[in-house]
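The structure under discussion appears below in the form of structure tokens.
The values are calculated or read from the model by the stated rules, or taken from the named source; none is laboratory data. Predicted model only: the values in this text are computed from it and were never measured. Quick reminder, even Gly has a Cβ in these numbers, built from the backbone with ideal geometry, and neighbours come from all protein chains shown.
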């Protein structure tokens with residue numbers, strides 16, 4: 001177990017280094033960083049001085065090492081457009097994105113798993129067919145369209161929920177702000193999290209359904225029936241646990257992509273999160289922000305994958321033996 | 001009063017267009033402490049009878065007529081809730097495959113305790129105690145430690161014991177065992193049969209054993225019921241039915257069973273199930289395509305010669321050589337196969353016999369030793385053209401006729417592929433002509449080429465595999481358990497076909513099987529393998545009449561005795 005975790009950790013580090021290299025080359029080679037920072041009238045001498053003080057004349061490996069050293073301390077330099085440290089910008093935005101992603105993931109799981117179980121066990125019922133039809137919409141409609149549709153329905157026509165922003169937020173500690181504690185914050189969360197989570201929900205539902213259909217045909221479920229166990233025990237104790245392994249894989253990956261792809265939802269709902277920041281950075285060629293976003297997203301993906309791998313171990317005893 | 005009585009049972013599966021009747025008018029009775037065998041080939045409806053009794057018919061099957069009584073109480077019309085109380089408590093069930101019958105994610109203890117507590121009013125600690133006693137009763141050593149283990153930590157035979165323990169949880173009056181030993185090795189099979197018999201006598205449980213294996217029937221049962229296409233054709237004491245079968249189907253079924261005690265030149269064909277036609281024309285090798293380039297340069301000596309062949313797999317990889325773990329699947333095996341003979345390779349699972357087949361055909365590269373084919377060292381071949389030429393001369397027939405054919409290709413293309421690949425025919429028209437001939441020759445008829453594999457039965461698919469293997473004009477055929485997935489009457493036909501082809505085309509064959517009876521019918525010489533080593537190599541008849549190695553002797557004694565069976569018409 002420990003050896004396995006260590007090996008995975010080393011692999012994760014290698015991935016992070018590779019991503020850091022891409023981010024670094026973006027920073028270093030897409031345009032001249034000095035040109036981005038100074039005005040047109042700056043003299044060549046002061047440009048050189050800046051270049052020297054930024055360490056841009058050092059050998060590349062030294063620069064890369066410095067870049068990584070800084071990145072570990074979450075120092076990605078200064079944003080070109082805001083003239084503020086990138087770290088501060090992100091610190092302000094991260095809570096918004098994480099809260100949104102967390103809520104949509106929760107929504108996807110809480111709605112998707114029971115629907116999937118139901119649809120898997122009652123294949124012929126009209127409710128399962130309804131679930132499947134709805135899920136088809138969730139899979140085929142693009143996120144921004146669903147968002148606009150929801151805004152039109154609930155904000156414009158019915159005027160129940162706000163169409164943009166986070167509502168009122170409460171500060172916790174020095175840098176975390178939360179919308180969970182105010183009514184307007186919670187109301188503002190509903191539409192974006194449904195928009196963001198709908199696709200994941202349908203995916204989880206369809207996956208659980210397919211796995212359920214597969215598992216209830218297996219011999220051990222037949223044997224469990226022949227042992228006289230009740231349906232509830234058979235489905236929840238034996239069948240569900242066996243469907244979870246692929247579900248965890250997909251859910252883990254999807255959680256990563258929820259965070260990464262919050263960009264579109266954040267744009268539609270003007271949600272003050274990292275995605276919106278990233279989009280602005282792309283429009284203004286704000287390389288340090290883009291590099292930081294890249295590294296942060298990669299870090300999230302890698303950590304989620306790591307957690308998923310560990311979860312496998314806890315669920316499936318067969319893996320424990322093979323790897324130990 | 002009988003524990004189980006089935007009266008005029010009819011089970012039907014209503015379909016969209018028509019209703020399929022899987023079981024029709026079957027009547028059986030079973031007394032406490034007795035074992036009833038239900039025997040038949042696939043599709044005979046024998047498993048459906050068992051499922052109907054325990055109330056687990058597959059959708060949309062239903063009992064259309066008849067009565068099932070357990071201790072006089074009618075159970076076929078019981079509502080699901082009361083039926084569930086019956087399952088496990090009064091009727092236990094044992095399935096075929098112990099590897100898949102247990103939930104892989106739960107410990108043995110969890111599964112036993114859960115079953116015990118559903119049926120008996122015991123506390124968790126008492127249930128655990130009972131679970132321990134059950135494990136001891138089914139002969140699992142070290143029950144205390146094994147209780148907390150997961151199914152994958154048990155071997156196949158041990159898992160089947162756990163399954164039996166689970167079936168015994170609440171002391172049922174009736175146990176239904178559906179092919180309880182089919183997935184097991186012969187030595188494990190003997191142990192499990194022994195255990196079932198013992199439990200049945202000691203606890204005076206009535207047992208219904210569903211199987212296709214005449215050996216199991218002869219070994220285990222007091223009474224036997226023979227089923228054919230949903231109907232009961234014969235029913236009576238085992239000795240009488242097997243020894244003096246009265247129904248024509250039973251007679252032909254028994255005559256198709258390969259006998260370990262006698263060797264027959266040909267299996268009598270079972271007139272009841274004939275799924276292939278005789279070839280419409282014989283092939284004259286001197287003029288036909290199949291005969292071209294048959295005059296291989298005969299180097300004299302053996303055609304295939306293995307010496308010191310070994311194969312080692314890495315089971316645990318590590319950067320440090322000292323921490324790597326290996327498994328030696330084949331340990332320095334040497335034998336020769338003469339031109340034109342059928343060489344048998346027999347052993348239990350894990351003995352390395354299939355690995356040898358893969359080494360010879362080049363699917364694996366050996367760790368050590370040499371393979372010489374027609375005087376040429378195969379392991380030293382480097383050039384692709386040479387390797388291909390060698391491959392063309394050797395072909396393989398696999399065990400599973402369902403997964404060894406590409407389901408998306410027409411049979412014609414499947415058989416034509418090797419001909420085209422090795423460029424053995426000059427024109428497309430010639431290829432089609434050859435494919436037609438081959439299909440006709442394996443008994444399918446040239447018209448079969450337009451169909452897809454799924455339109456054929458298991459035996460017919462195995463014929464397609466044989467046609468495909470012949471399509472490269474091979475000299476040497478490796479048959480890896482070619483009939484172990486087939487019904488006995490189909491097996492007899494396929495074995496006959498292989499014999500005929502060998503005679504006609506002068507093929508040399510390596511015949512791999514776990515079934516000693518089949519080996520005896522097919523082979524000239526036999527090698528017995530165990531744990532990757534060669535135990536004994538002898539002429540087939542000598543091996544069966546005077547085995548030398550203790551393991552061979554053990555294997556021979558473990559074979560279910562067929563003495564009860566009626567003398568084969570040709571025997």
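Just a few scattered comments:
- Flag set for residue B:189, criterion: at pLDDT below 90, outside any loop (DSSP other than H, G, I, E, B) and surrounded by 18 or more Cβ atoms within 10 Å (Cβ to Cβ).
- Residues that are farther than 19 Å from residue A:228 by Cβ and not in a helix (DSSP H, G or I), drawn from region B:139-171: B:139, B:140, B:141, B:142, B:147, B:148, B:149, B:150, B:154, B:155
- Tally, over region A:216-227, of residues that are at the interface with another protein chain (Cβ under 7 Å from one of its Cβ atoms), more than 13 Å from residue B:176 (Cβ to Cβ) and part of a loop (DSSP other than H, G, I, E, B): 1
- Enumeration of residues in region B:357-378 that are within 12 Å of residue B:478 (Cα to Cα), outside any loop (DSSP other than H, G, I, E, B) and touching a residue at least 60 places away in the same chain (Cβ under 8 Å): B:357, B:360
Results for (1) under 24 Å from residue B:193 (Cβ atoms); (2) surrounded by 20 or more Cβ atoms within 10 Å (Cβ to Cβ), shown as yes or no for each residue.
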{"site": "B:220", "(1), (2)": "yes, yes"}
{"site": "B:226", "(1), (2)": "yes, yes"}
{"site": "B:239", "(1), (2)": "yes, no"}
{"site": "B:243", "(1), (2)": "yes, no"}
{"site": "B:251", "(1), (2)": "no, no"}
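- Residue B:180 part of a loop (DSSP other than H, G, I, E, B) and away from every other protein chain (no Cβ under 12 Å): yes
- Looking at region B:384-445, the helices (runs of 4 or more DSSP H) lying wholly inside it that each contain 3 or more residues that are within 23 Å of residue B:355 (Cα to Cα) and free of Cβ contacts under 8 Å to residues at least 24 places away in the same chain sit at B:384-393.
- The number of residues in region B:500-518 that are closer than 19 Å to residue B:355 by Cβ and either assigned to a strand (DSSP E or B) or at pLDDT 90 or above (or both) comes to 5.
- Residue, surrounded by the most Cβ atoms within 10 Å (Cβ to Cβ), within region B:150-163, restricted to residues that are under 20 Å from residue B:116 (Cβ atoms) and facing chain A (nearest Cβ under 9 Å): B:163
- Taken together, B:181, B:107 contain a single residue that is out of contact with any helix residue (DSSP H, G or I) (no Cβ under 7 Å at 6 or more places or on another chain) and in contact (Cβ under 8 Å) with a residue 24 or more places away in the chain, which is B:107.
- Test: residue A:146 is surrounded by 12 or more Cβ atoms within 10 Å (Cβ to Cβ), in contact (Cβ under 8 Å) with a residue 60 or more places away in the chain and part of a helix (DSSP H, G or I): no
- Single match in A:196, A:213, A:186 (criterion: in a helix (DSSP H, G or I), away from chain B (no Cβ under 14 Å) and in contact (Cβ under 8 Å) with a residue 24 or more places away in the chain): A:196
- Which listed residue is within 14 Å of chain A (Cβ to nearest Cβ) and within 17 Å of residue B:221 (Cα to Cα), from B:33, B:50, B:40: B:50
- Those helices (runs of 4 or more DSSP H) lying entirely in region A:258-324 with at least 2 residues within 14 Å of chain B (Cβ to nearest Cβ): A:287-315, A:317-323
- Of the candidates A:181, A:213, the single residue that is modelled with pLDDT under 85 and over 19 Å from the mean Cα position of the chain (by Cα) is A:181.
- Tally, over region A:123-141, of residues that are touching a residue at least 24 places away in the same chain (Cβ under 8 Å) and either touching a strand residue (DSSP E or B) at 6+ places or on another chain (Cβ under 6 Å) or not in a helix (DSSP H, G or I) (or both): 1
- Just so you know, in region B:73-95 the residues that are more than 8 Å from chain A (Cβ to nearest Cβ) and in a loop (DSSP other than H, G, I, E, B) include one that is nearest to residue B:205 (Cα to Cα), and it is B:90.
- Residue count for region B:200-218, restricted to those that are assigned to a helix (DSSP H, G or I) and either touching a helix residue (DSSP H, G or I) at 6+ places or on another chain (Cβ under 7 Å) or buried (at least 20 other Cβ atoms within 10 Å of the Cβ) (or both): 6
- Residues within region B:115-130 that are closer than 21 Å to residue B:174 by Cα, in a helix (DSSP H, G or I) and either at the interface with chain A (Cβ under 7 Å from one of its Cβ atoms) or touching a residue at least 12 places away in the same chain (Cβ under 8 Å) (or both), tallied: 5
- Filter result for residue B:61 (touching a helix residue (DSSP H, G or I) at 6+ places or on another chain (Cβ under 9 Å), under 30 Å from residue A:236 (Cβ atoms) and more than 9 Å from chain A (Cβ to nearest Cβ)): yes
- For region A:232-266, taking the residues that are out of contact with any helix residue (DSSP H, G or I) (no Cβ under 6 Å at 6 or more places or on another chain) and over 20 Å from residue A:116 (Cα atoms), the one that is surrounded by the fewest Cβ atoms within 10 Å (Cβ to Cβ) is identified as A:257.
- Test for residue B:13: is it within 14 Å of another protein chain (Cβ to nearest Cβ) and touching a strand residue (DSSP E or B) at 6+ places or on another chain (Cβ under 8 Å): no
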